[in-house]
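Read the structure below first, then the notes.
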Amino acid sequence: MPGIGPLLNLLLPALLPPVSVLASLLGTGHPLWAMQSVRTPVVPAPYAFSIWGLIFALALAWGFWQIRPAQRADARLARLRRPAAAAFALMLLWMVAAQLTPNGWHLLAIILALLVVALAAFRRAVAFPPDGAGWRWIVRPLFGLLAGWVSAASIVNLSGAAATEGFAWFGTDPSLVAMGLLLLAAWMGAAVLRRSQGDAWYAAALLWALAAILLANRAMPSVAVTAGLGMLLVAVSAWLARIGHEGPMERPG
């Protein structure tokens, strides 16, 4: 009989697709895509959000894979299940709140908590060699993409919450604020990549987001150029970490 950890890691991912359309199912609130109506210079082009479909699919694959009898006793998975379940739970909470309440600081608080646990899960996922197809094609892609995308989503949520709550960044020009946030996201991503041997999945998700922000700001050259510089920083950091043969991240205790 599977324990609570394996069951949560199966049930929580299974709830992600229906909860993402909760407003439509209940006939109240507003769909997730409506959040894009709060336009700030760091909001990516709409196509970028399609990455959630891939993350949902990988989460479902993870749920079924990790509950198989052969995986239940795997000590590596035992250490990964807790932050993974916390990440899935916070994804669900954020989607519910985003559909049933207005944008605001509460959504930022949830996404920042999600970032913490997503990075914790990612750290544990890359602490071990990707032995076998499950680790190579489910574990590493899932937690790398999730951590990378949420790293970018945190600055998007910050700018959206600030705009909704009327926080004007002390009168700073919006393009300068956007440039600062983009550089912050790129710097954070570079730091994570240095400690994860330049994980390609994390880098890919962050580059995907930055590229979509660049495309969304073709009319604002300063922001577009900053997004491009952020992409360069992330790509170079990933490359240097991979060729530098830095030691693996410390195994989680």
Check your understanding: For Gln71, which of the numbered conditions (1) out of contact with any Phe, Trp or Tyr (no Cβ under 7 Å at 6 or more places or on another chain); (2) surrounded by fewer than 21 Cβ atoms within 10 Å (Cβ to Cβ) fails to hold?
Key -> (1)
Check your understanding: Within segment 196-204, can one find any residue that is surrounded by 24 or more Cβ atoms within 10 Å (Cβ to Cβ), hydrophobic (A, V, I, L, M, F, W, C), in a helix (DSSP H, G or I) and in contact (Cβ under 8 Å) with a residue 60 or more places away in the chain?
Key -> no
Study note, to complete from the structure: Being within 21 Å of Phe49 (Cα to Cα), under 17 Å from the mean Cα position of the chain (by Cα) and surrounded by fewer than 17 Cβ atoms within 10 Å (Cβ to Cβ) narrows Leu215, Leu184 down to just Leu184
Point to revise | Test result for Ser222, assigned to a helix (DSSP H, G or I), of a type in the set (Ser, Thr, Tyr), surrounded by fewer than 21 Cβ atoms within 10 Å (Cβ to Cβ) and in contact (Cβ under 8 Å) with a residue 24 or more places away in the chain | key: yes
Point to revise | Filtered residues of segment 123-144 (kept if under 12 Å from Leu77 (Cα atoms), among the hydrophobic types (A, V, I, L, M, F, W, C) and in a helix (DSSP H, G or I)) | key: Ala125, Trp135, Val139
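For every residue, the table says whether it meets (1) closer than 18 Å to Arg140 by Cβ; (2) modelled with pLDDT of 95 or more; (3) not in a helix (DSSP H, G or I).
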| position | (1), (2), (3) |
| --- | --- |
| Pro13 | yes, yes, no |
| Pro17 | no, yes, no |
| Ser24 | no, no, no |
| Gly29 | no, no, yes |
Practice item. Scan Ala84, Ala78 and give me the residue that is closer than 25 Å to Trp201 by Cα, of a type in the set (A, V, I, L, M, F, W, C) and modelled with pLDDT of 95 or more. Key: Ala84
Exercise for review: Would you point out the residue of segment 159-192, among those that are in a helix (DSSP H, G or I) and hydroxyl-bearing (Ser, Thr, Tyr), that is modelled with the lowest pLDDT?
Suggested key: Thr164
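The values are calculated or read from the model by the stated rules, or taken from the named source; none is laboratory data. In this text the structure is predicted, and so the values were computed from the model without any measurement. All Cβ positions, glycine included, derive from the backbone under ideal geometry; neighbour counts span all protein chains shown.
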